[in-house]
Amino acid sequence: MTLALGLVAHVDSGKTTLAEGILYTCGKKRTLGRVDHGDTLLDDRDIERERGITVFAKEASVRYKDIDITLLDTPGHVDFSAEMERTLGILDTAVLLIGANDKITGHTLTLWRLLNTYKIPTVIFVNKTDLIGTDRSAIYESLKGLSDNIVDFSYAQNSDNREQFYEELSLCNEDMLNEYLENAHVSDESIKNAFERRELFPCVFGSALKLDGIDRLLDLIIDLKSEKTYSDEFGARVYKISRDKDNVRLTHMRITGGTLNVKDRLGEEKADRIQIHNGSGYENVSQAVAGQICVVSGIKNSKAGMIYGTKQKEQQPLLMPVLSYKVTPDDSEDVNACLERLRALSDELPELNVSWQESHSEIHISVMGDVQTDIVKRIYHDRYDKEIKISEGSIVYKETIAGPVEGIGHYEPLKHYAEAHLFIEPLERGSGLEFASDVSTDELDLNWVRLILTHLKEKQIRGVLTGSLLTDARITVIGGRAHTKHTEGGDFRQATYRALRQGLMSAQSILLEPYMEFVLRVPSESLGRAMSDIQRYDGSFEAPFTENDMSVLKGCAPVATMFNYSKELSSYSKGLGSMDVNITGYRECHNTQEVMETIAYDPEADINDPSSSVFCAHGAGFIVPWYEVKDYAHVDCSDKINKMTGSALMEDNEQAMSPVRNIPDYTGRERTISGEEIEQIYKSVYHKSGEELLPYRDMSYFKKEVSYKKPEKEYVYKPVAKRDSYLLVDGYNVIFADEGLSKLANDNIDSARDALIDICCDYQGSKGISLILVFDAYKVKGNPGTVLKVNNIHIVYTKEAETADQYIEKTVHEMAHKKNYDIMVATSDRLEQVIIYGEGAARISSREFMEDVRRERERLRSEGYIS
């Protein structure tokens, strides 16, 4: 039998000391290591030994009474809770440590909730009972605050207290109660079953440092654990990504079925090596069997939480950072290089959520607190020999929707085609995102449905209120259409992303912010001040009570208002007050409008998440705004949506939320409905009396009549300063539009590219403009994008999954908003011409551009500049 045993605890409860005691007791170590001596087996990193805390989860294999145990020591500090949570999905049994000198802290309550969520049978080990003044009965009574089903198994060893032990067991579930009433005892099998179902939580007292109680703990765990059966079909769950001293990427996983051999395929990749780890040491093996925890190298696309083989559901993490930080590289490092390095680091720390803020050209990461911030900077320096600066944190907001909505995306520039229909519906708070499909193969081929789901899962879906990540929603593929000749994979990416955005623009969105529960202990004379502060910070609390001559307040509040309240508390309570905090998840934001105004996000100006669709007519593509897409869609999913919702609410919602349009009045003639009328309709239909109107978006979005008022002051004309001129050239579009370059490209594309670069350099020198030449590199896997300066022009090779069209559209949008450039784009892509024209840029076809190049060359030749 194999057993995955995890140790979880609040920081400084003695968890790593207990791990050392278990390793010593099982014969894995000959001497006991100590945290304060820096010689423990599992805390082997320098940053862990320097700080005296566990930062990374580590595993070690031991054998006890013919049972193979993989021991996992997890971080106890709240800043590394996400690392701890990742291990819970692979555990058979958990040991929750509580220090005899500690109270039940907020973090301990969080651990208890997580163990319940992951349904892990749990044994409680009360540590440090060797301390003077330890009151076992008081500690045992306080544990009942976690669960009434916690039972002290010390009674089981003492025949004098056996009856009391059975009485306590009988209160845990009905089966044991009936058995006790009939037989005056409870069988071992009933105890095992109750433990497996989390209806019983055995408790053991001891001292890890003195090796007291460790034998009892291990014996109890072995006695209570039933042997697990595994499927013959291969399956594995990844719980961690790390790198060894040679920077080799390692995938830590538990085999949940079948076997894994060296050179076996995991998805599209092969397992080069399989190792069994013991702290920093390891043993190479040729095979890992079901139940084992192993480390595999050679896998580059794995991530924490990924499932291989069997159809298991990925668990959405519950503990995520609520603060976002700006990262600034030092002067010697390029910002793109820093971004890629941080993204590589986020494989090991997924909670970092590394993102590039296009609007401010900044790198942002999310971390759990100040200690993790220091650790990230240290790891980055040790690995890359570079320094980074991390600014003060800001709140990480999220968004969800209030009701179900359909999202439609259509992408049909010339010789491309894809349409996707999504059904987006809200879920309970804390559910995260779920993806599903309700499309038959008669409606859309299975390969396209899978591709849509892949694009949904890989996308960081942002809301429309503040651009924050979407959460607590299920997105179902309900329809779509492809073309037998013109549809490519990238077409469905565009259609899917546009469908997402169109649906969110049509929905009623809700802004969410993180909330925290707190336990506030203050002297009685400071109670009034504390209650007043909580109300002032938009918090709430239960009735206060007294505990050990201190007044206690329990409540909850937004993290944004009370995150740093402990400093204020210490000041007015003269150091006597204390505050335990526990982040509980996201709730509706208490100051939505204020946050929206501060962030000032414009969803329709976000070119990375377009809400419009692209249709084709008479051989030319044209843009359809989000509020008119349904009228142009080629697939009708209204019957399916009505079955899913039970009503035709969606159509009513669209009509009420669409911008200004012509509608028929009671005479049958069309008239223009104003923004004010729309707002009144929206309030009367969707706003219940006494409730705050949930913001859809700022009502100033709707068009309003504007009256002209003559200026009071006469203005004198002043010549406008000369503006800089920019020419952006779509490289491959020009190459294949020109006969000479196209022939050269057929022989050698590199030669054609070099020839165009020389042409552009000469053209720039003659015209005196700033020229940017853009080449597609979107199919180059892992390509971060490159910008080179060759002679007098800039050459851009786009990053992976970004076409030259997308780069040019984004650049034109950014430059046009600065309003101090004259911009021209050379391309023959009709759709791109439409888009850049809408941004205020001039356009010239690739053929016209090459003709102008030749005319300019003839002019220079006639004037004697060239021969």
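The values are calculated or read from the model by the stated rules, or taken from the named source; none is laboratory data. Quick caveat, the model's predicted, so the values are computed rather than measured. Neighbour counts are summed over all protein chains in view; Cβ atoms, including those assigned to glycine, are modelled from backbone coordinates with ideal geometry. Ligands, DNA and RNA are stripped out before the accessible areas are found, and what is left, the full protein with its side chains, is counted by its heavy atoms. Shrake-Rupley method; radii C 1.70, N 1.55, O 1.52, S 1.80 Å.
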Practice problem: Sort F435, F153 by accessible area with a 1.4 Å probe, largest first. | Solution: F435, F153
Quiz item: Starting at 0 and stepping by 5 Å, how many percent of the alpha carbon pairs of the range 533-633 end up in each bin?
Solution: 2, 9, 13, 14, 11, 8, 7, 6, 6, 6, 5, 5, 3, 2, 1, 1, 0
Practice problem: Write down the Å³ per residue value for the convex hull defined by the alpha carbon atoms of the chain. | Solution: 254
Quiz item: Among E412, E268, what's the order by accessible area (1.4 angstrom probe), most exposed first?
Solution: E268, E412
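Go ahead and run the numbers for FRET between V285 and E428, Cβ-Cβ distance against an R0 of 41 Å, rounding to 0.05.
0.45
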Quiz item: Given a Förster radius of 45 Å and the C-beta distance between R529 and E163 as r, what FRET efficiency does 1/(1 + (r/R0)^6) yield to the nearest 0.05?
Solution: 0.30
Exercise. With all protein chains present, calculate the accessible area of C556 using a 1.4 Å probe and round the result to the nearest 10 Å².
Key: 20
Self-check item: Value in Å of the Kirkwood radius, where the range 232-355 supplies the Cα pairs that are averaged
Solution: 16.0
Quiz item: Per-residue accessible area for V774 at 1.4 Å probe radius, Å² rounded to 10?
Solution: 0
Quiz prompt | Counting DSSP beta bridges with both ends in the chain, the antiparallel % (nearest 5) | solution = 70
Exercise. Mind ranking 62-69, 585-592 by how tightly packed they are, going by the mean number of other C-beta atoms within 10 angstrom, highest first?
Key: 585-592, 62-69
Quiz item: Can you put I22, I759 in order of accessible area, largest first, using a 1.4 Å probe?
Solution: I759, I22
Exercise. Taking each pair of different alpha-carbon atoms in the range 1-115 once, compute 1/r for the pair, average those values, and report the inverse of that mean as the Kirkwood hydrodynamic radius in Å to one decimal.
Key: 14.3
Practice problem: Give me the angle, in degrees from 0 to 90, between the Cα long axis of helix 489-506 and the longest principal axis of the Cα atoms of the chain, rounded to the nearest 10. | Solution: 80
Quiz item: Using modelled amide H (1.01 Å from N, peptide plane; none on Pro or chain starts), what sits under 5 Å from the amide H of E387, excluding residues fewer than 5 places away?
Solution: D330
Self-check item: Mean separation of Cα contacts under 8 Å, 6 or more apart, over the residue count of the chain: relative contact order %
Solution: 7
Exercise. Give the long-range amide H neighbours of F205: residues separated by 5 or more places, or on another chain, with amide H under 5 Å away, using H modelled in the peptide plane at 1.01 Å from N.
Key: V126
Quiz prompt | Rounded FRET efficiency, nearest 0.05, which uses the C-beta distance separating E851 from Q316 and R0 of 60 Å | solution = 0.60
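Count charges around V327 for me, please; just the other residues with Cβ under 13 Å from its Cβ, Lys/Arg as +1, Asp/Glu as -1. Display every interim value, and only then the final one.
Working: positive: K326, R341, R343, K377, K386, K389; negative: D330, E333, E340, E362, E387, E392.
Surrounding charge for V327 is 0.
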Quiz item: Counting only the heavy atoms of the protein chains, how much of W448 is accessible to a 1.4 Å probe, in Å² to the nearest 10?
Solution: 50
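Subtract the Cα-Cα distance of T786 and S137 from 0.36 nm times their separation in residues, and report this length gain in nm to one decimal.
227.0 nm
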Quiz item: Rg to Rh for the range 284-420: what is it, with Cα atoms only and Rh by Kirkwood?
Solution: 1.06
Quiz item: Between their Cα atoms, which of K29/K144; K58/K103; K15/K119; K103/K386; K326/K415; K65/K128 are more than 30 Å away from each other?
Solution: K29/K144; K103/K386; K326/K415
Quiz item: How do the peptides 131-140, 212-221 rank, highest first, by the average count of neighbouring beta carbon atoms within 10 Å per residue?
Solution: 212-221, 131-140
Quiz prompt | the range 215-265: radius of gyration and largest Cα-Cα distance (Dmax), Å | solution = 15.9, 42
Practice problem: Skip the ligands, DNA and RNA, and give the accessible area per residue of the chain with a 1.4 Å probe, whole Å². | Solution: 49
Quiz item: Between K810 and K119, what length in nm is gained on full extension when 0.36 nm per residue of separation is reduced by their alpha carbon distance?
Solution: 244.0 nm
Practice problem: Kindly write out, for the range 513-528 in residue order, the coupling ³J(HN,Hα) from the Karplus curve 6.51 cos²θ - 1.76 cosθ + 1.60 (θ = phi - 60°), rounded to whole Hz, with x marking Gly and Pro. | Solution: 9, x, 10, 10, 8, 9, 10, 10, 10, 9, x, 4, 5, 9, 4, x
Quiz prompt | Fraction of the pair-distance distribution of the range 220-305 above 16 Å, Cα-Cα pairs, percent | solution = 53
Quiz item: Simple spin-label model, 7 Å along Cα-to-Cβ: R859 to R536 in nm?
Solution: 7.0
Quiz item: Which aspartates and glutamates, on any chain, are close to K789 with Cα under 18 Å apart, when same-chain ones fewer than 8 places away are left out?
Solution: E333, D334, D730, D750, D754, D758, D762, D776
Quiz prompt | Sequence ranges 522-529, 168-175, ranked by mean other-Cβ count within 10 angstrom, highest first | solution = 168-175, 522-529
Exercise. Divide by every residue of the chain the summed helix terms, -39500 (n - 2.57) for each DSSP H run of at least 4, and state the resulting mean residue ellipticity at 222 nm, rounded to the nearest 500 deg cm²/dmol.
Key: -9500 deg cm²/dmol
